[in-house]
Amino acid sequence: MRYKIEFMGRVVKEYKKLDQSVKPAVRNALNRIAEHPENGKPLTLNFAGLYSWRAGDYRIIYRINKEVVTVLIVSVGHRRDVYDKLKSLLER
């Protein structure tokens, strides 16, 4: 079953800021997430309920909603700062 991919508003901006050489890998990862979202790495502690998917040095953070068969992309960014960005979002 293929899941519908939805983006939080600011994720579109994050994606547009990515280097052109990275975008194809992220697009490919998004297609794989749509096919098998449960194959991502489940996050723990403060990020419980979220998953992470590797696309080279970049990470796609998402939440699965099985009831409406959608995946909400929460964040996209380089592995060195994507979790700090996510932490600041959750603290709001």
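Count, please, the residues in the stretch 11-26 that happen to be without any contact (Cβ under 8 Å) to a residue 40 or more places away in the chain and surrounded by 13 or more Cβ atoms within 10 Å (Cβ to Cβ).
Qualifying residue count for the region: 3.
What number of residues within the stretch 47-92 satisfy the criterion of being of a type in the set (S, T, N, Q) and in contact (Cβ under 8 Å) with a residue 60 or more places away in the chain?
Residues flagged as of a type in the set (S, T, N, Q) and in contact (Cβ under 8 Å) with a residue 60 or more places away in the chain within the stretch 47-92 amount to 2.
Residues that are of a type outside the set (S, T, N, Q), at pLDDT 95 or above and surrounded by fewer than 19 Cβ atoms within 10 Å (Cβ to Cβ) within the stretch 28-47 comprise Arg32, Ala34, Glu35, His36, Glu38, Lys41, Pro42, Leu43, listed in sequence order.
Right, Ile64: at pLDDT 95 or above and touching a Pro at 6+ places or on another chain (Cβ under 9 Å) or not? Steps first, please.
Details: at pLDDT 95 or above: yes; touching a Pro at 6+ places or on another chain (Cβ under 9 Å): yes.
Here the answer is yes, as Ile64 does meet what is asked.
Entry remark, the stretch 3-18: residues being under 13 Å from Ile64 (Cβ atoms) and over 11 Å from the mean Cα position of the chain (by Cα) number 2 in total.
The values are calculated or read from the model by the stated rules, or taken from the named source; none is laboratory data. Bear in mind that the values here come from a model prediction, so they are computed numbers and not experimental data. Positions of Cβ are generated from backbone atoms using ideal geometry, with glycine treated the same way; all protein chains shown enter the neighbour counts.
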